[in-house]
Amino acid sequence: MITRTIVMTICGMALFSTAAQANLCTSVRGDAKTKAPAARDLSFYKQLFPDSSLHGDDRWNKVILQCNRKRDTKGKKIAKVTTVKGNNKGKKTLRKANLKAKVIRGKYNFFGAGSALNMNYVYVLSKKAGVWTMTLPYKPILSDLVKGRVDFNKTHASKLYAKSAVAKTGGKITSATKSLWSTNCSGNPTYF
């Protein structure tokens, strides 16, 4: 019984480690030879987000796009919109300045979209005045000493912003935005 369990465990580890190592990117991993649809996908992304300072490395972005289309159960559906030449209804919709909030659900897997090891994801996507908003569900696990209170130190609170404190100019967040630390923690905060 113990020997059988050990053998099955080793076989399982070998099976998963091989698939995970391949990471569905073997066709582009070594020499970054991406297919034409990945280049069209990246080109459309640049139309939606024209600020070139946010683009990063084109070669790497194509690799990631091509691999992610294989990992996501919605990859083929997305590619039908974003990788085609020319214009289509989906591209026209995504270019609009305002889009109502939509719940996006899918499954993602590093072993391939057809694998039984899929992980579910869900988020809400919207666009207002050209600014995209992606809302991720988050349920923090907090060990409160005082019920209903969360204590942040300066390192954390200086990177968190209340929605009402965010200042935007032309759809971009400006330096006028004030963090929770600067708006709620002035004076001498007490740490617990």
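The values are calculated or read from the model by the stated rules, or taken from the named source; none is laboratory data. Values in this document were obtained by computation on a predicted structure and should not be read as measured data. Note that we place each Cβ from the backbone using ideal geometry, even for glycine, and neighbour counts take in every protein chain shown.
Of everything listed in (1) touching a helix residue (DSSP H, G or I) at 6+ places or on another chain (Cβ under 9 Å); (2) modelled with pLDDT of 65 or more, the single unmet condition for Ala167 is (1).
Every condition in (1) exposed (fewer than 13 other Cβ atoms within 10 Å of the Cβ); (2) touching a residue at least 24 places away in the same chain (Cβ under 8 Å) holds for Ser126 except the one numbered (1). Of everything listed in (1) free of Cβ contacts under 8 Å to residues at least 12 places away in the same chain; (2) in contact with an Asp or Glu (Cβ under 9 Å, 6 or more places away or on another chain), the single unmet condition for Lys62 is (1).
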